[in-house]
Amino acid sequence: MAEEATSRMDNTHCSGYFSTTMKTKIMPFFTVLLVALLVPAIAYAELPRSILGLTLGENVKKYENLLWMNGATKLSDTPFLTEVNIRDTAFPGIRGGSVTYGNCAHPGMLIGLKLKFDDKDPSLFDQLYDLYEKKFGKPDEWQGDAFHTVRSWKWMVTDGDQRINIVLTYSKDPTMRPGVSIKMVMHTTWMEEYDCYNAKIDKKHPPAKPMPASKLNLQDYVPHAP
């Protein structure tokens, strides 16, 4: 009987130890899993990635009612992005614009947006610039021209290893649709799409050996009358 009681005590002790050990091992596992699931939200949490209800990092399907989805097109210069125009009645004061979303590393994720204002007055640009400088500080880069036909400032806002580029522009150049515009791009995610696309292309079609300019007759590249 004593041996049987001792055996039961040992079993109870082992069962308790096993239960405690499993809890110790399981809890960190679920904690890690939960953190992994929350990483995207945490990574983007402090980035200014929303404007007029559009939020970069979200899926494009969330905004289909605001977009001309039947006109979605892969961009020729950046084929890892798909562009779709914003409906011209989607937002007050906005006469046009578009969003871009990934089609490689992050299919469907909004990565960039462009907005054009109805009002083409340069004073609107000045007012927005004051608001942007107050919120984000002095811009990081001038992207306009020397004659101020295009006035364009770029802010690069970072949060950890994530970065978003914000560009405020006023243009008198007819090739750029004159007026005031805002452009936002999640630079880090853009680069992930770029790397994903290049990896696929290099795998299918190894890059050709480039022709050095020293072997070209540059006269052939000067425009001339036919």
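The values are calculated or read from the model by the stated rules, or taken from the named source; none is laboratory data. All of these numbers come straight from a predicted model, not from anything done at the bench. Note: ideal-geometry Cβ built from the backbone for every residue, glycine included; neighbour counts use all protein chains shown. Accessible surface areas use protein heavy atoms only, side chains included; no ligands, DNA or RNA. Shrake-Rupley method; radii C 1.70, N 1.55, O 1.52, S 1.80 Å.
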Just list whichever of 61/203; 135/183; 183/203; 138/183; 61/116; 74/138 have alpha carbons separated by over 25 Å in the model shown. 61/203; 183/203; 74/138
Kirkwood hydrodynamic radius (C-alpha pairs) into Stokes-Einstein, region 77-126, 25 °C and 0.890 mPa s, D in µm²/s: 201 µm²/s
What Kirkwood radius, in Å to one decimal, follows from the Cα pairs of region 61-152? 15.3 Å
For q values of 0.18, 0.19, 0.22 Å⁻¹, compute log₁₀ I(q)/I(0) with the Debye formula on a Cα-only model of region 157-222, without solvent. -0.88, -0.86, -0.88
Quote the accessible area belonging to residue 148 in square angstrom, nearest 10, computed with a 1.4 Å probe and with ligands, DNA and RNA left uncounted. 90 Å²
At q = 0.12, 0.13, 0.22 Å⁻¹, what log₁₀ I(q)/I(0) does region 113-200 have when each alpha carbon counts as one equal point scatterer in the Debye sum? -0.42, -0.49, -1.07
I'd like to compare 121-129, 104-112: which one has the highest average count of other Cβ atoms within 10 Å, and what's the full order after that? 104-112, 121-129
With all protein chains present, how much of the accessible area of region 115-186 (probe radius 1.4 Å) comes from carbon and sulfur, to the nearest whole percent? 52 percent
